[in-house]
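The values are calculated or read from the model by the stated rules, or taken from the named source; none is laboratory data. Values in this document were obtained by computation on a predicted structure and should not be read as measured data. Cβ placement follows ideal geometry from the backbone for every residue including glycine, while neighbour counts extend to all protein chains displayed. Note: accessible area is taken over every heavy atom of the protein model, side chains too, but ligands, DNA and RNA are not part of it. Shrake-Rupley method; radii C 1.70, N 1.55, O 1.52, S 1.80 Å.
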Amino acid sequence: PPTAALIERLAEPDYQVCILDREGDYGGFEGAVTVGDTDHAPPADQVLELLAQPRQSVIVNLLRVPLADRPHYFATLLPRLLALRAKTGRPHWLVFEEAHHLFPTDGSPAEQALPVSLETALATTVQPDQLAKAFLDQVTTVLAVGANPAESLAAFHRARNSAGALPGAEGPTLEPGQVWVCPVERTGGGGEGAG
């Protein structure tokens, strides 16, 4: 996946990462244990037991969780992850692969479980217009990739219903592997947010 190299860098300084993986793309992520597979939904208790070990990163494979059930599954897991963070400071990073499946625009239980400030989180999506506004409001940085990164940033601003500092029509030209880092103003309540 496009975010794999970034996540590997996040984990380099011994940061603990919890990846919500919708398609099983991160199975080979070094130093992480995968919970769940094509035959078994990932038990939340097992995820938390593994994350209780400071150096253990976890990939939560959601393949067996039906698409319509993923927001509910995550709504039960997220408060437990945040409670672990409050107690231990870990996991250092939460990664939401295809975040619009976890935080859809329909007022899902996962949206209701969002804290006022979701810190050190990385979310990927190609459809920001399908992400819950409460989630979009917490974003402080957009990493745009691909042939038209300016359109990706504009799509984010349209989804969040904010004019912001929109880029020019062309924006930068990116080479393969390059990322356009775009700080954006947070529209939700205080603190750092999902990026």
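Report, by chain and number, residues whose modeled amide H sits under 5 Å from the one on Val33, excluding near sequence neighbours (fewer than 5 apart, same chain).
Here Ser57, Val58, Ile59 satisfy the definition.
Which ³J(HN,Hα) values in Hz, rounded to whole numbers, follow from the phi angles of the stretch 178-185 under the Karplus curve 6.51 cos²θ - 1.76 cosθ + 1.60, where θ = phi - 60° and Gly and Pro get x?
8, 10, 9, 8, 10, x, 10, 6
Would you mind checking which residues have amide H under 5 Å from Thr141's amide H? H placed 1.01 Å from N; only 5 or more apart, or other chain.
Result for Thr141 returns Val184.
Report the calculated FRET efficiency for Gln53 and Asn148 (r = Cβ-Cβ distance, R0 = 41 Å), to the nearest 0.05.
0.45
Using only the Cα atoms of the stretch 84-162, each taken as one equal point scatterer with no solvent, compute I(q) by the Debye sum, divide by I(0), and report log10 of the ratio at q = 0.12, 0.16, 0.19, 0.26 Å⁻¹.
-0.35, -0.60, -0.83, -1.37
Each residue of the stretch 129-142 in order: what ³J(HN,Hα) in whole Hz does its phi give by Karplus 6.51 cos²θ - 1.76 cosθ + 1.60, θ = phi - 60°, with x for Gly and Pro?
For the stretch 129-142, the Karplus-derived couplings read 5, 9, 8, 4, 4, 4, 6, 4, 4, 8, 5, 10, 8, 10 Hz, x marking Gly and Pro.
Which residue, Arg85, Arg70, Arg22, has the most motion in a Gaussian network model of the chain that connects Cα atoms within less than 10 Å?
Sorting by GNM fluctuation, first place goes to Arg85.
Ignoring ligands, DNA and RNA, what percent of the accessible area of the chain is carbon or sulfur (1.4 Å)?
The nonpolar share, carbon plus sulfur, comes to 52 percent.
Note down the relative contact order for the chain as a percent, whole number, built from C-alpha pairs under 8 angstrom at least six residues apart.
Relative contact order, the chain: 19 percent.
Keeping all protein chains in place, calculate the accessible area per residue for the chain (probe 1.4 angstrom), answer in Å².
50
Could you pull out every residue, at least 5 positions away or on a different chain, whose amide H is within less than 5 Å of the one on Val95? Hs are placed 1.01 Å off N in the peptide plane, and Pro or chain starts have none.
Placed amide hydrogens put Cys18, Ile19, Leu20, Leu122 under 5 Å from Val95.
With charges set only on the Cβ (+1 for Lys and Arg, -1 for Asp and Glu), what does the dipole of the chain come to about its Cα centre, in debye to the nearest 20?
Result for the chain is approximately 540 debye, rounded to the nearest 20.
Looking at the chain, what % of the alpha carbon pairs are farther apart than 19 Å?
It works out to 59 percent of all Cα pairs.
For the chain, what does -39500 (n - 2.57) per DSSP helix run (n ≥ 4), summed and divided by total residues, give at 222 nm, in deg cm²/dmol to the nearest 500?
Result for the chain, helices only: -8000 deg cm²/dmol.
Quick check: with the 1.4 Å probe, what order do His40, His92 take by accessible area, largest first?
Highest to lowest solvent-accessible surface, that is His40, His92.
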